[in-house]
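Asker: Before I ask anything, here is the structure I am working with.
The values are calculated or read from the model by the stated rules, or taken from the named source; none is laboratory data. A quick note: this is a predicted structure, and the numbers were derived from the prediction, not measured. Here the Cβ is made from the backbone with ideal geometry for all residues, glycine too, and neighbour counts use every protein chain on show.
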Amino acid sequence: MRGTVSAYPTRGRTAWILAQRPPRPPPPDANVPHGVFRERERLASGEVVDSGVVLLTNRECPWRCLMCDLWKDTTLGSVPQGAIPRQVEVAVRAWSDSGPLPAQVKLYNSGSFFDPAAIPPADYAPIARKVAFARHLVVESHPLLVGDRARVLRDLLSGTLEVALGLETAHPEVLEKLNKKFDLAQFARAAEFLAAERIALRAFILVNPPFLDEESALAWAVKSAEFAFACGAGAVTLIPTRAGNGAMERLRESGEFVAPTLATLEAAQRAALALGRGRVFADTWALEQFSACPRCLAARRERLEAVNQTQRDVPPPHCEACGS
């Protein structure tokens, strides 16, 4: 954004990000997952299936990304060996109690699955045994940690593996400012490795990251999806950028961050779908903070979730209250 005095330093960014944080909550129990739930998701085959999601309790990611607030629910250090399989077992029991076991499982851990200080490699085999019922497993990782450990996990699974990488944006200057400490060439190399190993790839993309106005942010969300698909991603997930970690509030005050509107998320999904390159999911978690009209929020959320499952665009519902 032009014409603003930046609150964000050019040096010492990690220290600045940490200094903006509110107090950390008490550390969670390392034997209990932070969250367990089900959702419906469209697979690459076109089939819509139950997907079981586990938000693993784990240590904080060693990268201090500018926009991240996942550190709030992390342990102060590495969890002991065996803790993650126990958390997965808790999740499997919960799914068993609520119906058939899901066809797909997602293990998300506030960081990188392939960080050995987060998920001990010795835990891969027991984790694989506990999710042996799943046809497809999704884990997340920083691009710089994609390598042999992904191959090891793949070979232990009964089903197929997918790795979700946080691309965030293909805008090179904005990506550098996000403090993720990788560039587009490194992302492409990680994607190339996964393709060579027959491991599926999905990319997380921010809608309205800081340092872009809303018009530019929409265009770059689509360009980022195009870049991810060109790297071999079979799916992209569009995530509206949220405040809540201290740093984003500071950038909002300085005019360097403008949260996206619900209409921008809808437009980004529509334009990315029009590329015709792969599945495009819109993240609908805490969607209310991006809506200015409570009257049409439920209908617009329902539409986004329907588009996620059908991968067919339909016009948003008309709302007489807000005129959208």
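Asker: Could you grab me the full set of residues in region 41-61 that are within 16 Å of the chain's Cα centre (by Cα) and under 17 Å from Val307 (Cβ atoms)?
Answerer: Glu41, Ser51
Asker: May I ask you to say which residue of Ala298, Ala282, Ala321 is within 24 Å of Leu70 (Cα to Cα) and aliphatic (A, V, I, L, M)?
Answerer: Going through Ala298, Ala282, Ala321 in turn, the sole match is Ala282.
Here's the yes/no breakdown for (1) within 16 Å of Leu238 (Cα to Cα); (2) touching a Lys or Arg at 6+ places or on another chain (Cβ under 9 Å); (3) among the aromatic types (Phe, Trp, Tyr):
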| residue | (1), (2), (3) |
| --- | --- |
| Leu262 | yes, yes, no |
| Leu265 | yes, no, no |
| Ala271 | yes, no, no |
| Leu275 | yes, no, no |
| Ala286 | yes, yes, no |
| Cys296 | no, no, no |
| Leu304 | yes, no, no |
| Asp313 | yes, yes, no |
| Ala321 | no, yes, no |
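Asker: Applying the selection to region 201-232, what residues are farther than 22 Å from Ser141 by Cα, among the aromatic types (Phe, Trp, Tyr) and in a helix (DSSP H, G or I)?
Answerer: Hit for region 201-232 is Trp220, nothing else.
Asker: Same structure, new question: Counting just the residues of region 206-217 that are under 18 Å from the mean Cα position of the chain (by Cα) and free of Cβ contacts under 8 Å to residues at least 60 places away in the same chain, which one comes out farthest from Ala259 (Cα to Cα)?
Answerer: Ala217
Asker: Output the number of residues of region 102-122 satisfying the condition of being modelled with pLDDT of 95 or more and buried (at least 19 other Cβ atoms within 10 Å of the Cβ).
Answerer: 12
Asker: Can Leu145 be described as without any contact (Cβ under 8 Å) to a residue 60 or more places away in the chain, more than 17 Å from the chain's Cα centre (by Cα) and crowded, with 19+ Cβ neighbours inside 10 Å?
Answerer: Judged against the criteria, Leu145 is not a match.
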